[in-house]
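Undergrad: Below you'll find the structure I mean.
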Amino acid sequence: MSNILEIKDLVVSYGGIEAVKGISMEIPEGEIVTLIGSNGAGKSTTLKSIAGVVKAKNASILLDGKEIAGKSPDYIVSAGITLVPEGRRVFPNLTVLENLKMGAYLRKDSIKDDLDYVYGLFPRLKEREWQLAGTLSGGEQQMLAVARALMSKPRIIMMDEPSLGLAPLVVRDIFEIIKTINQQGITVLLIEQNANMALKIAHKAYVMETGLITLEGTGKELLANESVKEAYLGKSK
Amino acid sequence: MSNYVQLLLSGIAVGSLYALIAIGYTMVYGILRLINFAHGDMFMMAGFFLIYIAAIPNMPIWGALLLTIALTVLLGFLIERCAYKPLRSAPRMSVMISAIGVSYLLQNFATYFTGGLAQAYPAIPLISNKIEIFGVSTKLITVITPILTIILVVALVLFIKYTKIGMAMRAVSKDFETSQLMGIKINRVISMTFIIGSFLAAIGSIMYFSYYEQVSPTIGAMPGLKAFVAAVFGGIGSIPGAVIGAYLIGICENIIKSFPAIADLSNAFTFVLLIIILILKPNGLFGEKLSEKV
Ligand SMILES: Nc1ncnc2c1ncn2[C@@H]1O[C@H](COP(=O)(O)OP(=O)(O)O)[C@@H](O)[C@H]1O
Ligand SMILES: [Mg+2]
């Protein structure tokens, strides 16, 4: 399969301190790729710089072989890459429907079918269409954040720790949704603290530590890897 | 009786003017968490714009009014682009100092350009005419002002509630980064906010000076300050709050002015009112809890 997204030598620094120190990743079209690593490793920074909201010091980011590094966030959204940010970040003062409309901000065509599509994925959101997003539960907010991202009709959806702080049952729902979205042809780039579940659904996985990629392989390979087991799966031998 | 009507009428008219200015403060604060100190001076500049434009030979009054509004909007847009946008990621204090700088720049520029003396505002036909209501003689402007203000406020509230850019304004006011992730160009949304604020200040200016008939370089300070108090009073960031705050201040102020013994204290009253409100309700009447914007 061809790579929909290729990241080469990505370096990002915050006021002189390098958070990402030159990483390269290849995201094959139609797959689920996960990026795991402990807190502060630079995972969120990586996704934000792909999305264009954090400027990289050095990078080549190729979408279908075309350079998108340094482009503005709105360019990147319309090119088909969307990010579900860490901590959900729904607009609390907007209704559920308005949040979804913001997700489709750049689109000029009718969004009716897409509303039906995301309401099909998340029937709970349909019931709460007129409710302010700030009054939703954590799990509902996460669903809204994912639904909002889908409203841009992405080819690649990046998700930053979607299971963070959610009850186990809700986490399972979220992972089911990720698989469903992927089966519908959307490439997924997933950051997770829950390495076990992420590696199980991932076709491909990267491990990041202090700004560098230290390991890569298929989800299965990393699940079986001793150092991954020790550091991220809580199963030491 | 007619005395009370008179008081109420002028209180409502003055309150309307404060409301038009207060909206500019509260909207900019809502989106940038910035107190735009230059806003009162925009109001003054709009006053001079009309004086100079109306003096152009053969300039029809409606042309002068339109040009005044257009120039004020342009000025508001440029102030944001030149003095605030470059400081987008700077500490909030730096932007505030930039705003104070712009305020003095406008006042000094006006002093330099006009010689510093108060100048007479042209009488605008029709709205400067006298009329009589409830047995009270007043200028037509006293009646037009609140009606126009209410129409503008309702239009603005609908705009923010129902249009895509209005929704984007609400989104940006909560979260810059996530708004960018939606593809919202936040600089455009911020410019739009300044354009709306300057537009309302220009309208307010036209009505205010038709009422008070004189413009001087520092005249923006007091109404600006009172409009700012109204915005804080109503809960800064809230448009309905700013409007209600403005009417309260306008009416109370006029009532106090009617008692000769304390008339001179009417300005002090405004600020005492503010202090009391802030002690009782630190976020103002309709203010949300001040949360740091992410
Ligand atoms: N806005 C920022 N300003 C300065 N430093 C930051 C900022 N965001 C993240 N960092 C730093 O960059 C490093 C990587 O952070 P992040 O990408 O959030 O890691 P992760 O998502 O893997 O937990 C951390 O050391 C963090 O403190
Ligand atoms: Mg993170």
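Undergrad: Could you report the protein assembly as shown's accessible area per residue, 1.4 Å probe, as an integer in Å²?
TA: Accessible area per residue, the protein assembly as shown: 44 Å².
Undergrad: A follow-up question, please. So who's got an amide H within less than 5 Å of the one on residue B:139, skipping anything under 5 residues away but keeping other chains? H placed 1.01 Å off N, in plane.
TA: B:131
Undergrad: Which residues of segment A:42-64 show a drop of at least 50 Å² in accessible area when all protein chains are present, compared with their chain alone (probe radius 1.4 Å, heavy atoms only, ligands and nucleic acids excluded)?
TA: The answer is A:53 - residues whose exposure falls by at least 50 Å² when every protein chain is included.
Undergrad: Other chains' Cβ within 10 Å of A:99-108 residues: what's the mean?
TA: Whole-number average of other-chain Cβ neighbours for A:99-108 is 4.
Undergrad: Okay, next question. In whole Å, how far is the Cα centre of segment B:218-252 from that of segment B:27-90?
TA: Between the Cα centres of segment B:218-252 and segment B:27-90 lies a distance of 19 Å.
Undergrad: With helices defined as uninterrupted DSSP H runs, which ones in chain A have an alpha carbon span along their own long axis of at least 20 Å and mean Kyte-Doolittle hydropathy of at least 0.0?
TA: A:168-183
Undergrad: Quick one: P(r) of segment A:67-169 from all Cα-Cα pairs, 5 Å bins, percents rounded to integers, in order of increasing distance.
TA: Bins of 5 Å from zero give 2, 14, 24, 24, 20, 10, 4, 2, 0 percent of pairs.
Undergrad: Moving on to the next point. Please check which bits of segment A:71-96 a label hung off residue A:55 would reach, taking the label as a point 7 Å along Cα-to-C-beta and the cut-off as backbone N under 20 Å.
TA: Those under the cut-off are A:71-77.
Undergrad: Tilt of helix B:39-54 relative to the longest C-alpha principal axis of chain B, in degrees (0 to 90, nearest 10)?
TA: 50 degrees
Undergrad: In addition: What does the accessible area of residue B:82 come to, in Å² to the nearest 10, when a probe of 1.4 Å is used?
TA: That residue has around 100 Å² of solvent-accessible surface.
Undergrad: Another one. Which order do the peptides B:125-136, B:237-248 come out in when sorted by mean C-beta neighbours inside 10 angstrom, highest first?
TA: B:237-248, B:125-136
Undergrad: Could you state the angle between the C-alpha long axis of helix B:140-162 and the longest principal axis of the C-alpha atoms of chain B, as a value from 0 to 90 degrees rounded to the nearest 10?
TA: 20 degrees
Undergrad: Another question, then. For residue A:202, which sequence-distant residues (separation of 5 or more, or a different chain) have an amide H within less than 5 Å of its own amide H, given hydrogens modelled in the peptide plane?
TA: none
Undergrad: Let me ask you something else. With only alpha-carbon atoms in the gyration tensor, what are the semi-axes of the equivalent ellipsoid for chain A, in Å, largest first?
TA: Taking √(5λ) for each Cα gyration eigenvalue gives 28, 21, 16 Å.
Undergrad: So, one more: Relative to the longest principal Cα axis of chain B, at what angle does helix B:2-32 sit, 0 to 90 degrees, rounded to 10?
TA: 20 degrees
Undergrad: Name the long-range amide H neighbours of residue A:31: under 5 Å, sequence gap of 5 or more, or other chain; modelled H, no Pro or chain starts.
TA: Placed amide hydrogens put A:188 under 5 Å from residue A:31.
Undergrad: Let me ask another. Give the lysines reachable from residue B:281 as a straight Cα distance under 25 Å; neighbours fewer than 8 places away on the same chain don't count.
TA: B:174, B:226, B:289, B:293
Undergrad: P(r) for the protein assembly as shown: what percent of alpha-carbon pairs falls in each 20 Å bin, starting at zero?
TA: For the protein assembly as shown, the binned pair fractions read 20, 43, 26, 10, 1 percent.
Undergrad: If you don't mind, there's one more thing I want to ask. Please report the relative contact order for segment A:3-232, taking Cα pairs under 8 Å with a sequence separation of at least 6, and give it as a percent rounded to a whole number.
TA: Dividing the mean separation by the residue count of segment A:3-232 yields 27 percent.
Undergrad: For the ranges B:25-36, B:272-283, B:205-216, what's the packing order if you count other beta-carbon atoms within 10 Å of each residue, average per peptide, and put the highest first?
TA: Top of the packing list down: B:25-36, B:205-216, B:272-283.
Undergrad: I would also like to ask the following. Which part of segment B:129-166 falls in the paramagnetic zone of residue A:78, meaning amide N under 18 Å from the point 7 Å along Cα-to-beta-carbon?
TA: Answer for segment B:129-166: B:164-165.
Undergrad: Counting only other chains, what is the mean number of Cβ atoms within 10 angstrom of the Cβ of each residue in peptide A:71-82?
TA: The mean count of partner-chain Cβ atoms within 10 Å per residue comes to 3.
Undergrad: Partner chain Cβ atoms within 10 Å, averaged over the residues of A:190-196 - can you pull that number for me?
TA: Per residue, the average neighbour count from other chains is 0.
Undergrad: So, one more: What's the total accessible area buried between chains A and B, using a 1.4 Å probe, rounded to the nearest 100 Å²?
TA: What A and B bury together is about 2000 Å².
Undergrad: Pop out the carbon and sulfur fraction of the accessible area of the protein assembly as shown as a percent, whole number, probe 1.4 Å.
TA: Percent of accessible area from carbon and sulfur atoms in the protein assembly as shown: 63.
Undergrad: Mind ranking A:203, B:39 by accessible surface for me, highest first, 1.4 Å probe?
TA: A:203, B:39
The values are calculated or read from the model by the stated rules, or taken from the named source; none is laboratory data. No experiment lies behind these values; they were computed from the predicted model shown. Glycine gets a Cβ as well: all are built from the backbone with ideal geometry, and neighbour counts include every protein chain shown. Each accessible area value is taken on the protein alone, full model and side chains, heavy atoms only, with ligands, DNA and RNA left out. Shrake-Rupley method; radii C 1.70, N 1.55, O 1.52, S 1.80 Å.
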